[in-house]
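I have placed the structure first, in the form of structure tokens, so that the comments after it can refer back to it.
The values are calculated or read from the model by the stated rules, or taken from the named source; none is laboratory data. The structure displayed is predicted, hence computed values, not measured ones. Reconstructed Cβ throughout: ideal geometry from the backbone, glycine too, with neighbour counts over all protein chains shown. Surface areas here come from the heavy atoms of the whole protein model, side chains and all, with no ligands, DNA or RNA. Shrake-Rupley method; radii C 1.70, N 1.55, O 1.52, S 1.80 Å.
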Amino acid sequence: VQLQASGGGLVQAGGSLRLSCGASGRTFSIYDMGWFRQTPGKDREFVAAISSSGVSTLYADSVKGRFTISRDNAKRTVYLQMNSLKPEDLAVYYCAAKRGGNGLALIYKYDYWGQGTLVTVSS
């Protein structure tokens, strides 16, 4: 599966952005989907994930209550709604896909990655 992330940009602290990740192929619905982020000099970190069916979601503590992950299998797209953005949310955000099983938050479980989209939050 090929992934294409979009929706990044510059926003003031307290503002909102919605990231989208579109997937090619007809098997999107079998993949768990995740969002990760990375800043220079730091490891890529887990942000949020959603199971293939959309029933289960998981969030990093740092974004819980502010970010919402969702998916539309008919559109082969996963979203990350980001509210109440903080300067520390500044990063390149990546979407990723993995086959079913455990480990929604485990980066090494993900087989397919999109290119990143930059989110900049000004204070």
All-but-one check, L10 against (1) aliphatic (A, V, I, L, M); (2) closer than 20 Å to Q115 by Cβ; (3) open to solvent by less than 60 Å² (accessible area, probe 1.4 Å), failing number (3)
Inside segment 15-36, the number of residues satisfying the requirement of being surrounded by 23 or more Cβ atoms within 10 Å (Cβ to Cβ) and either in a strand (DSSP E or B) or among the aliphatic types (A, V, I, L, M) (or both) is 8
Quick check: anything in segment 69-92 surrounded by fewer than 13 Cβ atoms within 10 Å (Cβ to Cβ), touching a strand residue (DSSP E or B) at 6+ places or on another chain (Cβ under 6 Å) and within 23 Å of G9 (Cα to Cα)? yes
For segment 39-68, give me each residue that is open to solvent by 60 Å² or more (accessible area, probe 1.4 Å) and touching a Lys or Arg at 6+ places or on another chain (Cβ under 8 Å). R44, E45
Kindly evaluate A60 against the criterion of being among the aliphatic types (A, V, I, L, M) and either free of Cβ contacts under 8 Å to residues at least 12 places away in the same chain or under 12 Å from C95 (Cα atoms) (or both). no
